[in-house]
1. Taking the range 45-64, which residues are in a helix (DSSP H, G or I) and in contact with a strand residue (DSSP E or B) (Cβ under 9 Å, 6 or more places away or on another chain)?
2. Can you find a residue in the range 85-98 that is at pLDDT below 55, touching a helix residue (DSSP H, G or I) at 6+ places or on another chain (Cβ under 7 Å) and surrounded by 11 or more Cβ atoms within 10 Å (Cβ to Cβ)?
3. Quick one: which residue in 67, 41, 76, 11 is in a loop (DSSP other than H, G, I, E, B) and either in contact with a helix residue (DSSP H, G or I) (Cβ under 8 Å, 6 or more places away or on another chain) or closer than 24 Å to residue 156 by Cβ (or both)?
4. Restricting attention to the range 20-32, which residues are surrounded by fewer than 13 Cβ atoms within 10 Å (Cβ to Cβ) and either in contact with a helix residue (DSSP H, G or I) (Cβ under 6 Å, 6 or more places away or on another chain) or part of a helix (DSSP H, G or I) (or both)?
5. I'm told residue 147 meets every condition in (1) modelled with pLDDT under 80; (2) not assigned by TED's automatic domain parsing to the domain that holds residue 33 except one. Can you identify the failing condition by its number?
6. Among the numbered criteria (1) at pLDDT below 90; (2) under 23 Å from the mean Cα position of the chain (by Cα), which single criterion is violated by residue 15?
């Protein structure tokens, strides 16, 4: 995997105006004239910045089919704002933890249910405040969260 911030990218992002352009393009595509109005700069100045950002591979032109040319971030440009690796690791970790604790809750709820008997008046103080069904419900919720996380990761991987 190539690094996002190579020499050309760092050079392109060295100017404040180009940084502002990339931040704006992260939200949506813009034309050069829209960017010039947003940045309070002349359209030729903005066009020069756009050309340098385009040469670095951070943005690309998108022909809209009419006279307007929109600029948008490339995959390389998007990776500056959305490091996919870290989000993937976080989702996977949460899913695994939810699965482990969910299964643990199901097993502990099963053992509580087997040993649960109606207490006598003397034993009422020793009974846990948690009913046997609470652990089962919590376990199922955690397992569902884990399944949703795994499905999300699989779908995201298949889209690439």
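1. If we filter the range 45-64 for residues that are in a helix (DSSP H, G or I), which is where we start, we get 45-56.
Those that are in a helix (DSSP H, G or I) and in contact with a strand residue (DSSP E or B) (Cβ under 9 Å, 6 or more places away or on another chain): 50, 53, 54.
2. As a first pass, look at the range 85-98 and keep what is at pLDDT below 55: none.
No; the residues of the range 85-98 include none that is at pLDDT below 55, touching a helix residue (DSSP H, G or I) at 6+ places or on another chain (Cβ under 7 Å) and surrounded by 11 or more Cβ atoms within 10 Å (Cβ to Cβ).
3. On the way: 67 fails: either in contact with a helix residue (DSSP H, G or I) (Cβ under 8 Å, 6 or more places away or on another chain) or closer than 24 Å to residue 156 by Cβ (or both); 76 fails: in a loop (DSSP other than H, G, I, E, B); 11 fails: in a loop (DSSP other than H, G, I, E, B).
Sole residue among the options that is in a loop (DSSP other than H, G, I, E, B) and either in contact with a helix residue (DSSP H, G or I) (Cβ under 8 Å, 6 or more places away or on another chain) or closer than 24 Å to residue 156 by Cβ (or both): 41.
4. Initially, the range 20-32 is screened for residues surrounded by fewer than 13 Cβ atoms within 10 Å (Cβ to Cβ), giving 23, 27-28.
Listed by number, the residues that qualify are 23, 27.
5. (1)
6. (2)
The values are calculated or read from the model by the stated rules, or taken from the named source; none is laboratory data. What you are looking at is a predicted structure, and each value in this text was computed from that prediction instead of being measured. Note that we place each Cβ from the backbone using ideal geometry, even for glycine, and neighbour counts take in every protein chain shown.
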